[in-house]
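First up is the structure itself, then whatever we jot down about it.
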Amino acid sequence: MNLTCLELQHIYLIEDGKSICEEKGLEMRKWVLSGILAAEEMYLSHLEALLIPMKPLRAAATTSQPMLTIQQIETIFFKVPELHEIHKDFYDSLLPRAQDWSLQQCVGDLFQKLASQLGVYRAFVDNYKVAVETADKCCQANAQFAEISENLKVKSTKDSDSPSSKALLYKPVDRVTRSTLVLHDLLKHTPSSHPDYPLLQDALRISQNFLSSINEEITPRRQSMTVKKGENRQLLRDRFMVELVEGSRKLRHVFLFTDLLLCTKLKKQAAGKGQQYDCKWYIPLADLTFQTIEDCESTPIPLVQDEEIDAIKIKISQIKNEIQREKRTTKGPKVIERLKKKLSEQESLLLLMSPNIAFRVANRNGKGFTLLIPSDYERAEWREMICEQQKKCDFSLTSLELQMLTNSCVKLQTVHTIPMTMNKEDDESPGLYGFLNVIVHSASGLQQSLNLYCSLEVDSFGYFVNKAKTRVYRDSTEPNWNEEFEIELEGSQTLRLLCYEKCSNKPKQSKEDRELTDKIMAKGQIKLDPQTLQNKDWQRTAFTMNGVEVKLSMKYASREFSLKRTPSRKQSGVFGVKINVVTKRERSKVPLIVRQCVEEIEQRGLEEVGIYRVSGVATDIQALKSAFDFNNKDVSVMMRGMDVNAVAGTLKLYFRELPEPLFTDELYLNFAGGIALSDSVAKESCMVNLLLSLPEPNLVTFLFLLEHLKRVAENESINKMSLYNLATVFGPTLLRPSDKDSKISYSSQPISMNDSWSLEVMAQVQVLLYFLQLESIPLPDSKRQSLLFSTEV
């Protein structure tokens, strides 16, 4: 076969690319190995700290005043010398090879040999429980041994706190569970053509088989701690929460054990030091009570403005995008680590600022503590678990045991990172972006007639937020809501549903204390499976919760599909028809639908909490859409009989379905560029001139809408809709281009679809916010006359 020069050059380029990738992988092997060596050095120092007292204890055992018997020494330190010898040999063999590093250096044989000696760990693990129990008994019986046990010195650490013998005895158990992780990392950066590859594969296979054989034994030990009479204190749940302390938000890590609730704070540590916790407070479950807002001197929850929360989310999206870009460059891991640190800081800030639902607990003396949780669903879960444990818990805890328990939280914790979707690996599902239409049909299985309503939550940026609520269906055992909602998804993976009994006979409480007036009757959740939801048809499902079954239908539309502007085939209607066609037909400056919806909202919706942000019932919105399209003369009467959120939803839908956005495709990039200008004078001149260059129907309609939105924002103290909130709702609706190719070009480098969307939405929101914040817009006389005329119509 004859190859052309061009084909040969293409083959060489491919081979060169492969070679470069392999070299990068081999270079990463050195960094991975250096980390393994550091971990081995620390592990050896822990084993050595255990061995230091063993020799004098053994010598004393043969005297007339032994501290421990030979049998007790053998039990406590069982197989520790052998483990030290194995790992010392491994470390001494690996170190010179790492120091004399080359891309072809081989270390697989050392890991294969280490894996073949895992049988010693089997013996250690089998003896572990007996060793810990023996050490505890010896500490109680001999004060001198207890002092030695609590003050062991680890040679290679600068930490002033000395680990106990019990903590050090856990190190080999922990080490064996991490053995496969080390091999995974090394194998990941070893090319399949390298001589080490089959050896590391074999070592990984041996380690995985060994780990699976003992995993069931290790797991409960990682989540338990021995207490009096050999009972186990089990960790049931832990998570990051926010505690309200004298009106300030404080980040906490809360642990729920079988007999107590422990609130801790992560200590600030110098570089290189391990995690440590401080106990802030604890309550035995037997003494724990749930407080209401009436039971305590309630401090108002400091609410954070939505624009602050959204700004943090935007920063998170931007940093994520930078990390993805850096992974495609050759700048090395240091840049990525710096970005990940920034990401962690923003995630922590979001966790601190987001939760607003109070979870109040108190001890037997009535001292209360307020924790903030993102969703009512999670608050109910914590309460249920605590109530269940209160039926069977027994409690005893000395100050020393409390310190030991707090120290052990580093090992016991199941939540290691802020619960953000950003912490997921690249190959994990990023969740769904777009819109989920949900119809809440009916409920059955109720034992008595109730006033019932349902609430829907989805996760957004790792936290659950309430998105929609049905009306209250009164005095029924089988409520039939049949209400449809459109829910925006931001990387969402789970839909939660809560059923509440409306308890109107109790005094109304603040939003965060809703459980005081409305009782949760049932709750459940369902994973949003992308494969199932890709089908554009409605998917029927049911939540079965505490004997109550709630039937739902769901339909998902991706962001691109749901936001696509499609002209209507029915040009005699108003939805999907160009605004100049509608105004010309109606002989008006502002479309009738805009004027009528605005008039209705200003009559009875200016004080409606969340107006324009809360979803209206989709069936009502579709009924109004049809009435406007067919020029129904009774549309005003229809609107007065509907929830005002349906009217607001109809107005938003009209602007969203315009075949071309109100700010036009042609000027979109100019508006996006103008808002980015640094000089304030230049920015105002540019933005106002661009606005005045809009076609007259677009301009007059926008100015009419702008004045209405300002009047809505004047009632912010009641309706909670600031100018920023309104810009967030209407910005993408008024500016989003109809042609996907006309998007802003942020960079020649790759950018993910979702991050691109976040950056584009940010620009759209800022454009509208700019005009909302302008005190006045200077208009030529002709434009001013048009506006006056349009508002009088």
Can you compute the modelled spin-label distance between VAL681 and GLN275, with each label point 7 Å from Cα toward Cβ, in nm?
5.5 nm
HN-Hα J in Hz across the stretch 306-323 - Karplus 6.51, -1.76, 1.60, θ = phi - 60°, x for Gly and Pro:
4, 5, 5, 4, 5, 4, 5, 4, 5, 4, 4, 4, 5, 5, 4, 5, 4, 4
I want to check the label-to-label distance for LYS30 and ARG364. Put each point 7 Å from Cα in the C-beta direction and report it in nm to one decimal.
6.3 nm
Go through LYS467/LYS720; LYS555/LYS578; LYS267/LYS411 and tell me which ones have a Cα-Cα distance over 18 Å in this structure.
LYS555/LYS578
Per the Kirkwood formula on distinct C-alpha pairs, the Rh of the stretch 635-690 is how many angstrom?
14.0 Å
When the accessible area of the stretch 432-562 is split by element with a 1.4 Å probe, what percent falls to carbon and sulfur?
42 percent
13 Å beta-carbon shell around LEU705, net charge (K/R +1, D/E -1):
+2
Sparse-neighbourhood loop sites, trypsin sites (Lys or Arg not before Pro) in the stretch 627-685 - DSSP loop, at most 16 other Cβ within 10 angstrom
LYS633
So if we plug the beta-carbon distance of SER102 and LYS267 into 1/(1 + (r/R0)^6) with R0 = 51 Å, what FRET efficiency do we get, rounded to 0.05?
0.80
Could you go through the stretch 672-677 in sequence order and give the Karplus-derived ³J(HN,Hα) for each residue, using 6.51 cos²θ - 1.76 cosθ + 1.60 with θ = phi - 60°, rounded to whole Hz, and x for Gly and Pro?
5, x, x, 5, 8, 5
Packing-based ranking, highest mean first, of 671-682, 719-730 given that Cβ atoms within 10 Å are counted:
719-730, 671-682
What order do you get for 371-380, 444-453, 404-413 when each peptide is scored by the mean count of other beta carbon atoms within 10 Å, highest first?
371-380, 404-413, 444-453
Per-peptide average of other Cβ atoms within 10 Å, ordering 454-461, 361-368, 258-265, 480-487 highest first:
454-461, 258-265, 480-487, 361-368
Ranked by accessible surface with a 1.4 Å probe, highest first, in what order do CYS499, CYS387 come?
CYS387, CYS499
Based only on the alpha carbon positions, what is the Kirkwood hydrodynamic radius of the stretch 432-562, in angstrom?
15.3 Å
Nearest 20 debye, what's the magnitude of the dipole of the stretch 432-562 about its Cα centre given +1 on Lys and Arg Cβ and -1 on Asp and Glu Cβ?
240 debye
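The values are calculated or read from the model by the stated rules, or taken from the named source; none is laboratory data. Predicted, not measured: the structure shown is a model, and the values here were computed from it. Note that each Cβ is placed from the backbone with ideal geometry, even for glycine, and that neighbours are counted across all protein chains shown. Each accessible area value is taken on the protein alone, full model and side chains, heavy atoms only, with ligands, DNA and RNA left out. Shrake-Rupley method; radii C 1.70, N 1.55, O 1.52, S 1.80 Å.
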